[in-house]
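Single-structure report; data block below.
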Amino acid sequence: MTEAPATIFLVDDDESVLRGLGRLLRASGYATKPFAAPSEFLAQLSGDTLGCAVLDLRMPGLNGLELQQVMASKGCHLPVIFISGHGDVPASVRAMRAGAVDFLLKPFDEQQLLGAISQALLKDAADRAYRAETAALQARHAVLTPREREVCALVAQGLTNKEVAQRLGTTEKTIKVHRARVIQKLDVDSVAELVRFVDRLGQG
């Protein structure tokens, strides 16, 4: 199944800026969706939308930083690029710390924006791949029984079968059986791979 193309979401209360950005990005081959108010953008926001968002910093109602926070609270992972007509250093620092890809001052060079969008789309693709891989690992871990999860965590901590058996009050032979099932269900080939699996999920 072909994945939907990425969309560049433009949020700015200045209609002339929206038109100008839209023309530039469409001429560069991008699909765009303009919004003159943050509320309009949030009304159609989907948690798994492909693309990135270009947000004006200063807007009536929600400003760009507040909109970025609302997006995060709604589970929207779109990379964000801020644009601003004001050299607000504290705001730019807060934006970058909150995960913004870039912070551009108006008037900015077209290539600056196109470069930032290219970077944002690469980040979006990488983040999506990471989330998909993590979800797959979580699904594999979810099939373990409660006892197998205990064994898995202890083995990942470096305990031997004998030590795990002592910790759980059972026999070493039983632990060997549980350990074999864990290895099979998680589809890992070694204890080292099991350790990496558990570390990735934060289950250690």
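Filter segment 175-192 for residues that are touching a helix residue (DSSP H, G or I) at 6+ places or on another chain (Cβ under 9 Å), within 16 Å of GLU150 (Cα to Cα) and open to solvent by 100 Å² or more (accessible area, probe 1.4 Å) and give the result.
LYS176, ARG181
Return yes when ALA165 is within 16 Å of the chain's Cα centre (by Cα) and of a type in the set (Gly, Ala, Ser) and no when it is not.
Answer is no for this residue.
Looking at segment 1-20, which of the residues that are in a loop (DSSP other than H, G, I, E, B) and touching a helix residue (DSSP H, G or I) at 6+ places or on another chain (Cβ under 6 Å) is least open to solvent (accessible area, probe 1.4 Å)?
This residue is ASP12.
Given the conditions (1) out of contact with any Phe, Trp or Tyr (no Cβ under 9 Å at 6 or more places or on another chain); (2) in contact (Cβ under 8 Å) with a residue 12 or more places away in the chain, and given that GLN112 satisfies all but one, which numbered condition is not satisfied?
Condition (2) is where GLN112 drops out.
Could you please find all residues in segment 56-72 being aliphatic (A, V, I, L, M) and either surrounded by fewer than 21 Cβ atoms within 10 Å (Cβ to Cβ) or under 19 Å from the mean Cα position of the chain (by Cα) (or both)?
MET59, LEU62, LEU65, LEU67, VAL70, MET71, ALA72
With the condition kept exactly as written, say whether any residue in segment 121-141 is exposed (fewer than 14 other Cβ atoms within 10 Å of the Cβ) and under 14 Å from ILE81 (Cα atoms).
Within segment 121-141, one or more residues are exposed (fewer than 14 other Cβ atoms within 10 Å of the Cβ) and under 14 Å from ILE81 (Cα atoms).
Here are the criteria: (1) in a helix (DSSP H, G or I); (2) in contact with a Cys (Cβ under 7 Å, 6 or more places away or on another chain). Tell me which single one LEU45 does not satisfy.
Here LEU45 clears every test but (1).
Kindly establish whether GLY75 is of a type in the set (Gly, Ala, Ser), under 22 Å from the mean Cα position of the chain (by Cα) and in a helix (DSSP H, G or I).
Answer is no for this residue.
Note down all Cβ pairs under 6 Å where the first residue falls in segment 79-106 and is within 22 Å of ASP124 (Cα to Cα), the second is polar (S, T, N, Q) and surrounded by 17 or more Cβ atoms within 10 Å (Cβ to Cβ), and they're at least six residues apart or on different chains.
Within 6 Å, the pairs are VAL80/GLN68; ALA98/GLN68; PHE103/SER92.
For HIS86, indicate whether it is assigned to a loop (DSSP other than H, G, I, E, B), touching a Gly at 6+ places or on another chain (Cβ under 9 Å) and not charged (D, E, K, R).
no
It is to be established whether one or more residues within segment 180-199 are farther than 25 Å from GLU133 by Cβ and either modelled with pLDDT of 95 or more or not charged (D, E, K, R) (or both).
Within segment 180-199 (the criterion being farther than 25 Å from GLU133 by Cβ and either modelled with pLDDT of 95 or more or not charged (D, E, K, R) (or both)), the answer is no, since none of the residues qualifies.
Could you tell me whether segment 96-112 includes any residue that is open to solvent by 90 Å² or more (accessible area, probe 1.4 Å), outside any loop (DSSP other than H, G, I, E, B) and over 26 Å from GLY29 (Cα atoms)?
Scanning segment 96-112, I find at least one residue that is open to solvent by 90 Å² or more (accessible area, probe 1.4 Å), outside any loop (DSSP other than H, G, I, E, B) and over 26 Å from GLY29 (Cα atoms), so the answer is yes.
Considering only segment 21-55, how many residues are within 17 Å of ILE117 (Cα to Cα) and open to solvent by 10 Å² or more (accessible area, probe 1.4 Å)?
Residues that pass the stated criteria total 14.
If I ask for residues that are β-branched (Val, Ile, Thr), part of a loop (DSSP other than H, G, I, E, B) and closer than 16 Å to SER190 by Cα, which ones from segment 113-164 would you list?
THR160 - this is the single residue of segment 113-164 that is β-branched (Val, Ile, Thr), part of a loop (DSSP other than H, G, I, E, B) and closer than 16 Å to SER190 by Cα.
The values are calculated or read from the model by the stated rules, or taken from the named source; none is laboratory data. None of these values were measured; they are calculated from a predicted model. As a convention, Cβ positions derive from the backbone with ideal geometry for all residues, glycine included, and neighbour counts pool all protein chains shown. All accessible areas refer to the heavy atoms of the entire protein, side chains included, with ligands and DNA or RNA removed. Shrake-Rupley method; radii C 1.70, N 1.55, O 1.52, S 1.80 Å.
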